[in-house]
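**Q** Structure below; questions to follow.
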Amino acid sequence: MSEKMLVTQALDERDLLVKKIADKIAKASFVDTIKPNEDKVFVMRTSREEYAKEAESAYQQIMDLIERFQKLDAAIVASNAKTEITTSYGTFTVAGAISLRSRLRGLGSYGEDADFEGRLRNKFTYEYNDRIQFRDKKNSQLQATAEEMRLSILGKDSKTKDEKPLGVVEAYVKENTTELVDPLDVKKKIEQLTEKRGTLLTELDTQIKVSNATTFIEVA
């Protein structure tokens, strides 16, 4: 006879089973020693017959709990594979949503290597800041050089209004000014990636919780 329950209930029970199984395995004893002239096993201090009975009982309890865990897990996986949720960035199965959420947080099978959007954003940020700093440094040096050229042409104390000779300096500055080449407008891309990531993670969290709290599964 199958049992009907919400996914949230199944998840809670599955989490509890993980702890319960681990605890039972840790506390159980399956192998001990005894001497022919003694009537109790060495560690557990019970008779051979009682020890065997307890070992068999503990083993069966553990196997029953494992079977229960497997049934719950299978039902959850099956439900996640077919149940869909909707976000502002598209529709996903719950399984797909969980996988995407893990990937965006760098928690999936590939770790942070699969957080492509995060890596791209970091690349944009680093490169943009580095090139801005380089540009500003070069242009600052250029202005210093240009000022030296002006002083060389006009003289430090010259007050002449004839700026024709300065045209050479202005042309030099214009030709040697370092400019930023930013065809993608990466600052905007960074903002878009950050906003999408935050929105999507929030919506995935919310929709997964709502789905788990409203979707029923059958556990054999």
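The values are calculated or read from the model by the stated rules, or taken from the named source; none is laboratory data. No experiment lies behind these values; they were computed from the predicted model shown. Cβ: placed from backbone, ideal geometry, glycine included. Neighbour counts: every protein chain shown. Remember, those area values only see protein heavy atoms, side chains included, never the ligands or the DNA or RNA. Shrake-Rupley method; radii C 1.70, N 1.55, O 1.52, S 1.80 Å.
**Q** So which of Ser88, Ser29 ends up being touching an Asp or Glu at 6+ places or on another chain (Cβ under 8 Å) and within 21 Å of Leu204 (Cα to Cα)?
**A** On inspection, the qualifying residue turns out to be Ser88.
**Q** Out of Lys137, Lys53, Lys71, Lys123, I need the residue that is over 30 Å from Asp182 (Cα atoms), without any contact (Cβ under 8 Å) to a residue 60 or more places away in the chain and among the basic types (Lys, Arg). Which one? I'd like the intermediate steps shown before the answer.
**A** Numbers: Lys137 fails: over 30 Å from Asp182 (Cα atoms); Lys71 fails: without any contact (Cβ under 8 Å) to a residue 60 or more places away in the chain; Lys123 fails: over 30 Å from Asp182 (Cα atoms).
After ruling out the rest, the residue left standing is Lys53.
**Q** Give me a count of the residues in the stretch 46-85 that are surrounded by 13 or more Cβ atoms within 10 Å (Cβ to Cβ), of a type in the set (S, T, N, Q) and closer than 15 Å to Ile25 by Cβ.
**A** Qualifying residue count, the stretch 46-85: 1.
**Q** Moving to a separate point now. Given the conditions (1) surrounded by 14 or more Cβ atoms within 10 Å (Cβ to Cβ); (2) of a type outside the set (S, T, N, Q); (3) closer than 30 Å to Ser79 by Cα; (4) at pLDDT 95 or above, which single one is not true for Asp182?
**A** Asp182 satisfies every listed condition except (3).
Per-residue answers, yes or no, for (1) more than 25 Å from Gly198 (Cα to Cα); (2) within 28 Å of the chain's Cα centre (by Cα); (3) at pLDDT 95 or above; (4) among the β-branched types (Val, Ile, Thr):
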| residue | (1), (2), (3), (4) |
| --- | --- |
| Glu13 | yes, yes, yes, no |
| Leu17 | yes, yes, yes, no |
| Lys35 | yes, no, no, no |
| Gly96 | no, yes, yes, no |
| Tyr110 | no, yes, no, no |
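**Q** Take the stretch 196-220 and flag every residue that is β-branched (Val, Ile, Thr), surrounded by 13 or more Cβ atoms within 10 Å (Cβ to Cβ) and either touching a Phe, Trp or Tyr at 6+ places or on another chain (Cβ under 9 Å) or part of a helix (DSSP H, G or I) (or both). Steps first, answer last, please.
**A** Looking only at the stretch 196-220, we keep the residues that are β-branched (Val, Ile, Thr), and these are 199, 202, 206, 208, 210, 214-215, 217, 219.
Still in the running and surrounded by 13 or more Cβ atoms within 10 Å (Cβ to Cβ): 199, 208, 215, 217, 219.
Selection gives Thr199, Ile208.
**Q** Related question: Show the residue pairs meeting these rules: Cβ distance below 6 Å; 6+ apart or different chains; first residue within the stretch 83-94 and assigned to a strand (DSSP E or B); second residue at pLDDT 95 or above and polar (S, T, N, Q).
**A** Listed by first residue and then by second, the contacts come to Glu84/Thr91; Glu84/Thr93; Ile85/Gln207; Ile85/Ser211.
**Q** Sticking with this structure for a sec: Just to be sure before I move on: is Leu193 surrounded by 13 or more Cβ atoms within 10 Å (Cβ to Cβ), without any contact (Cβ under 8 Å) to a residue 60 or more places away in the chain and either more than 18 Å from the chain's Cα centre (by Cα) or more than 30 Å from Arg14 (Cβ to Cβ) (or both) in the structure I sent?
**A** Here the answer is no, as Leu193 does not meet what is asked.
**Q** Can I ask one more? Which numbered condition trips up Glu163, out of (1) among the acidic types (Asp, Glu); (2) modelled with pLDDT under 95; (3) assigned to a helix (DSSP H, G or I)?
**A** (3)
**Q** Also, I was wondering about something else. Within the stretch 144-157, does at least one residue satisfy the condition of being touching a residue at least 60 places away in the same chain (Cβ under 8 Å) and farther than 30 Å from Ala78 by Cα?
**A** no
**Q** While we're here: Just give me the residues in the stretch 6-65 being part of a loop (DSSP other than H, G, I, E, B) and among the hydroxyl-bearing types (Ser, Thr, Tyr), in sequence order.
**A** Listed by number, the residues that qualify are Ser29, Thr33, Thr46, Ser47.
**Q** Does Ile153 satisfy the criteria of being at pLDDT 95 or above and not aromatic (Phe, Trp, Tyr)?
**A** Numbers: at pLDDT 95 or above: no; not aromatic (Phe, Trp, Tyr): yes.
It is false that Ile153 is at pLDDT 95 or above and not aromatic (Phe, Trp, Tyr).
**Q** Also, I was wondering about something else. When the stretch 121-154 is examined, which residues are found to be among the hydrophobic types (A, V, I, L, M, F, W, C) and open to solvent by 60 Å² or more (accessible area, probe 1.4 Å)?
**A** Result: Phe134, Leu151, Ile153.
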